[in-house]
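K.L.:
Attaching a single structure in structure tokens format; questions to follow.
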Amino acid sequence: MKIILASYIVLMMGMSGFSQNTKLEESKKRGSEIYADFCINCHMPNGEGVKGEFPPLAKSDFLIKNRTKSIKALKYGLKGEIIVNGVKYNGFMAPLGLSEDEVADVMNYITNSWGNKNKKMITEQEVAKVAKK
């Protein structure tokens with residue numbers, strides 16, 4: 001009985017991880033489509049941006065170190081100076097009008113692409129908690 005119970009627990013734990021990975025992969029797929037519609041013109045297909053004009057998303061220290069600020073930028077736009085990979089950017093990103101689930105999907109896509117490795121999936125609930133102020 002103990003072996004069966006232990007096997008069941010291991011199976012459920014494995015399925016939980018599988019479910020999380022499946023959800024992340026689905027989110028990233030949706031995010032890539034949104035990225036292609038809204039972000040690609042400034043940040044380029046490879047996420048490298050345009051130095052001095054549009055910050056890179058590829059291998060971006062800003063995305064990883066400033067998770068909430070990155071979500072806020074997608075949700076409400078961004079104005080003012082930021083430093084990405086040691087380079088100053090002082091531009092304006094207009095609000096894109098994305099819903100909270102779309103923001104989460106784009107964030108999951110960009111934080112897991114082009115050399116970025118996000119360890120924790122960004123959820124719609126996390127995005128909803130990010131206030132404008």
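K.L.:
Which of 92, 62 comes first, and how do the rest follow, when ranked by fewest Cβ neighbours within 10 Å? Walk me through the numbers on the way to the answer.
P.N.:
Working: 92 8, 62 19.
Lowest count first: 92, 62.
K.L.:
Also, I was wondering about something else. Based only on other Cβ atoms within 10 Å, what is the fewest-to-most ordering of 127, 106, 84?
P.N.:
So the ranking, lowest neighbour count to highest, is 84, 127, 106.
K.L.:
Something else about it: For the range 2-128, how big is the tail of P(r) above 24 Å, as a whole percent of Cα pairs?
P.N.:
That fraction is 31 percent.
K.L.:
Given an 8 Å cut-off on Cα distances and at least 6 residues of separation, report the relative contact order of the range 2-128 as a percent.
P.N.:
Value for the range 2-128: 26 percent.
K.L.:
Can you put 122, 64 in order, fewest other beta carbons within 10 Å first?
P.N.:
Ranking 122, 64 by Cβ neighbours within 10 Å, fewest first, gives 64, 122.
K.L.:
Quick one: what are the phi-derived ³J(HN,Hα) couplings along the range 22-32, Karplus 6.51/-1.76/1.60 with θ = phi - 60°, whole Hz, x for glycine and proline?
P.N.:
Values per residue, Gly and Pro as x: 5, 4, 5, 4, 5, 5, 4, 5, 4, x, 5 Hz.
K.L.:
Related question: Extending each Cα 7 Å along its Cβ direction at residue 124 and residue 64, get the distance between those two points in nm, one decimal.
P.N.:
About 2.9 nm, to one decimal.
Read-outs throughout are calculated quantities, based only on the coordinates presented, and are distinct from any laboratory measurement. None of these values were measured; they are calculated from a predicted model. FYI the Cβ positions are ideal-geometry reconstructions off the backbone, even for glycines, and counts take in every protein chain you see.
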